[in-house]
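The values are calculated or read from the model by the stated rules, or taken from the named source; none is laboratory data. Computed from a predicted structure; not experimentally measured. Glycine gets a Cβ as well: all are built from the backbone with ideal geometry, and neighbour counts include every protein chain shown.
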Amino acid sequence: MSKTGDRVRASAAWRSVFRAPHTDTPRGRAMATFQNFFLHVYPVKVPRRALSFRSTLRLGFASAVLFGVLLVSGLYLMFFYVPSITDAYFDMHEIATAVAFGQFVRNAHRWAAHLMVLVVFLHMLRVFYAGAYKSPRQFNWVVGVLLLLGTLGLSFTGYLLPWDQLAFWAVTVGTNIASYAPFLGESARRALLGAPEVGGKALLRFYVFHVYALPAVLVTLLGVHIWRVRKDGLASGDAQGERAEPPQEVSASAG
Ligand code: HEM
């Protein structure tokens, strides 16, 4: 190891982040993971097999990265967007034509949103086919379902914000569908729109859900989700996941 590397590792700043000195023993590796915030996504001890690309396809990680892209690009767009029916459409136009990197950031935001819905769904399928919804991960499965609903909620609320014809009619149709739900249907529609029709109040409500409420809920749930992955371990690494072949007695009697 180089002297500069040693000096960096010995510095107070480095040791404040990486608290355990790295020793290449099972205990040393466990301590390094256990005490490091950035290594939290996986449990302290992980079987090599669970970390292989084929086990998770990194779909959960990809969902988290896309969510990060959405937060950063969304924050940039917020500087130039006012959620009012007189400004919203023209602000979007200005973002596309006059704001530095505006069109690029808007496209990144839109594509990351579409991709996140797809990737979260594929992650859920992967988890399902690995049987990772079973005990002891059933709680994390429920947290995952809430994450999926939150992701869909972000997509839906974001759709209205450009305030163009597509946005207006998509949300008119979407909220009309909501009104057919038994018992609460009409009240749910009124609560979403704040008025009988899609208008200024609906735009403000959707904006508040899109940029404050839902991201806050998702960040919190994601913290719980990753904490549970860390505590429960990855399904593909435990005894149940290891059993790729049927138990010996079964295959023997079948033969
Ligand atoms: C915002 C959306 C989500 C993010 C960012 C996310 C993130 C992650 C990450 C990083 C992992 C670690 C393993 C991996 O990369 O696959 C994971 C595992 C897991 N996720 Fe998600 N997830 C999301 C949505 C969901 C959904 C929709 C479900 C199910 C309904 C779900 C259920 C689970 C379960 C049960 C595990 C443990 C898997 C195992 O032990 O093999 N997650 N998630």
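Quick notes on this one:
- Helices (runs of 4 or more DSSP H) fully within the stretch 1-88 that include at least 3 residues being at negative phi and among the basic types (K, R): 3-10.
- Scope the stretch 98-114; condition under 14 Å from G68 (Cα atoms) and either surrounded by 16 or more Cβ atoms within 10 Å (Cβ to Cβ) or within 12 Å of the ligand (Cβ to nearest atom) (or both); matching residues: V105, A108, H109, A112, A113
- Top-ranked residue of the stretch 51-96 - restricted to ones that are under 18 Å from A167 (Cα atoms) and of a type in the set (D, E, K, R), ranked as nearest to the chain's Cα centre (by Cα): D91
- Selection from the stretch 168-186 of residues that are farther than 12 Å from I85 by Cα, surrounded by 12 or more Cβ atoms within 10 Å (Cβ to Cβ) and of a type outside the set (D, E): A170, V171, T172, G174, T175, N176, A178, S179, A181, G185
- Identity of the residue in the stretch 92-119, of a type in the set (V, I, T) and without any contact (Cβ under 8 Å) to a residue 60 or more places away in the chain, that ends up nearest to K231 (Cα to Cα): V117
- Contacts under 8 angstrom Cβ, first residue in the stretch 9-29 being among the hydrophobic types (A, V, I, L, M, F, W, C), partner surrounded by fewer than 10 Cβ atoms within 10 Å (Cβ to Cβ) and in a helix (DSSP H, G or I), 6 or more apart: V17/F37; V17/F38
- Per-region count, the stretch 122-137, residues within 8 Å of the ligand (Cβ to nearest atom) and free of Cβ contacts under 8 Å to residues at least 12 places away in the same chain: 2
- Of the residues making up the stretch 213-225, those that are surrounded by fewer than 17 Cβ atoms within 10 Å (Cβ to Cβ) and β-branched (V, I, T) are V219, T220, V224.
- Residue match in the stretch 206-228 (condition: at pLDDT below 95 and farther than 20 Å from L71 by Cβ): yes
- From the list L71, L59, L75, L66, the lone residue that is at pLDDT 90 or above, under 23 Å from T220 (Cβ atoms) and touching a His at 6+ places or on another chain (Cβ under 7 Å) is L59.
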